[in-house]
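I have placed the structure first, in the form of structure tokens, so that the comments after it can refer back to it.
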Amino acid sequence: MQIPFLDLKRMDEELKDALKSKFSEMLDKGIFSGGDEVNLLESQILTYLKSPFSIACANGTDALELALRALEIGPGDEVIVPATTWVSTAEIVVMVGANPVFWDTDADGLLASDWEKAITSKTKAVIPVHLYGKMVDMESLMQKAKKHKLFVIEDGAQSFGSFQNKKGAGTLGDVGCLSFYPTKNLGALGEAGMCLTNSAELNKRIRLLLNHGQLVRDEHELVGRNSRIDSVQAGFLNAIFEKFEFFQVQRKNFANMYLEGLIGIDGLQLPTSILEEDHNAHLLVIQTVRRDELKLFLMDKGIGTAIHYPHILPDMKPFCSDGNFSNARKLSKQVLSLPLNPWMKEGEIEYIVKAIRDFFT
């Protein structure tokens with residue numbers, strides 16, 4: 001049996017037909033920048049997440065950069081970033097001229113709760129990353145940030161559909177940043193992203209920044225850039241969003257099958273709270289000291305896996321930093337992501353579970 005880690009060609013025929021229909025509809029309208037599809041996407045997301053403002057943009061990395069620029073974070077400022085995350089989280093800090101200050105993670109890969117120790121007189125913001133789809137304890141983090149008068153930029157690239165105390169990922173900080181990259185739970189057929197905020201002022205500033213500093217054509221209020229979402233991608237997202245909750249049920253059901261099948265294996269740590277509301281089951285990540293050996297074993301069985309992430313940011317050449325990142329380094333050597341998507345079959349989960357049990361026998 002061949003089971004890819006993720007194969008988007010597997011999406012169901014009903015969704016494929018909806019996407020083809022949407023594209024045909026947009027061709028007939030002839031509007032490929034801005035327009036009704038972008039407005040509808042923003043409206044659907046803000047309603048679903050109960051966010052006062054949602055601003056669609058070109059991609060998740062741009063969303064993070066727009067957030068930092070809107071908050072006027074730049075040269076001389078420091079921003080606290082978890083050691084384990086995708087490179088964009090640190091990249092954008094450097095791109096605006098600020099300095100990323102890395103802090104260790106907890107056992108789940110989330111920013112460790114003692115991150116306050118990283119605060120200096122130059123610290124202006126903290127970026128909690130809802131890694132693998134699991135949310136950081138935002139109530140505690142927001143209290144600490146408020147105490148120290150820090151901005152909070154939520155990196156919710158992997159966490160759309162996660163909720164904490166009925167509040168969606170990305171809606172608790174000053175700005176929340178989403179990615180709709182094709183592999184995400186709500187993914188476009190190309191690049192797309194979004195900023196969320198509760199502030200009318202930040203909403204206006206982000207909209208100016210992503211459209212050459214203009215809200216009305218040729219009336220430029222500041223220096224901006226082009227980070228407008230592609231209207232076709234907005235249209236595709238609107239079609240896919242109609243099936244989002246159904247797909248989430250599928251993800252949780254498959255995650256539960258993994259947990260029930262793999263429980264009790266010595267030397268294997270299963271993800272915590274993946275079935276809870278604060279986790280959207282974006283990735284199912286197991287941990288074992290035999291990670292590399294297991295990955296090869298599963299590959300021989302035709303099972304695709306992935307490592308999120310094999311290197312921590314402070315060990316990378318562009319961000320080389322000293323510090324105690326013991327938890328993050330341990331995770332980088334032990335984590336392995338198993339296939340988890342709405343288009344899998346129960347028999348495939350059973351096959352993967354058996355293979356893993358055979359490996360540890």
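Annotations for the structure displayed:
- Qualifying residue in segment 255-269 (condition: in contact with a strand residue (DSSP E or B) (Cβ under 9 Å, 6 or more places away or on another chain), modelled with pLDDT under 95 and open to solvent by 20 Å² or more (accessible area, probe 1.4 Å)): no
- For segment 1-16, filtered to residues that are more than 23 Å from the chain's Cα centre (by Cα) and open to solvent by 70 Å² or more (accessible area, probe 1.4 Å), the residue that is farthest from N185 (Cα to Cα) is M1.
- Just one residue in the set L210, L215 is surrounded by fewer than 21 Cβ atoms within 10 Å (Cβ to Cβ), of a type outside the set (D, E, K, R), in contact with a helix residue (DSSP H, G or I) (Cβ under 8 Å, 6 or more places away or on another chain) and within 19 Å of P52 (Cα to Cα); that residue is L215.
- Residue list for segment 286-303, restricted to those being part of a strand (DSSP E or B) and open to solvent by less than 10 Å² (accessible area, probe 1.4 Å): I286, I303
- Candidate set from segment 304-359 (those that are among the hydroxyl-bearing types (S, T, Y) and closer than 13 Å to W103 by Cα); member that is most open to solvent (accessible area, probe 1.4 Å): S326
Every residue, every condition in (1) closer than 16 Å to I206 by Cβ; (2) open to solvent by 30 Å² or more (accessible area, probe 1.4 Å); (3) of a type outside the set (D, E, K, R); (4) assigned to a helix (DSSP H, G or I), yes or no:
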site: S24; (1), (2), (3), (4): no, yes, yes, yes
site: T47; (1), (2), (3), (4): no, yes, yes, yes
site: A56; (1), (2), (3), (4): yes, no, yes, no
site: E65; (1), (2), (3), (4): yes, no, no, yes
site: R69; (1), (2), (3), (4): yes, yes, no, yes
site: T84; (1), (2), (3), (4): no, no, yes, no
site: I92; (1), (2), (3), (4): yes, no, yes, yes
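- If you go through segment 323-361 and pick out every residue that is over 27 Å from P182 (Cβ atoms), assigned to a loop (DSSP other than H, G, I, E, B) and modelled with pLDDT of 95 or more, you end up with 1.
- Subset tally (residues that are part of a loop (DSSP other than H, G, I, E, B) and either over 18 Å from L66 (Cβ atoms) or of a type in the set (F, W, Y) (or both)) for segment 108-158: 18
- Of the residues making up segment 123-135, one or more are of a type in the set (G, A, S), on the phi > 0 side of the Ramachandran plot and at pLDDT 95 or above.
- Flag for L41 being out of contact with any Pro (no Cβ under 9 Å at 6 or more places or on another chain), among the aliphatic types (A, V, I, L, M) and either at pLDDT below 95 or open to solvent by 50 Å² or more (accessible area, probe 1.4 Å) (or both): no
The values are calculated or read from the model by the stated rules, or taken from the named source; none is laboratory data. This structure is a prediction, so every number in the text was calculated from the model and none was measured. Here the Cβ is made from the backbone with ideal geometry for all residues, glycine too, and neighbour counts use every protein chain on show. The area values use the complete protein model at the heavy-atom level, side chains included, leaving out ligands, DNA and RNA. Shrake-Rupley method; radii C 1.70, N 1.55, O 1.52, S 1.80 Å.
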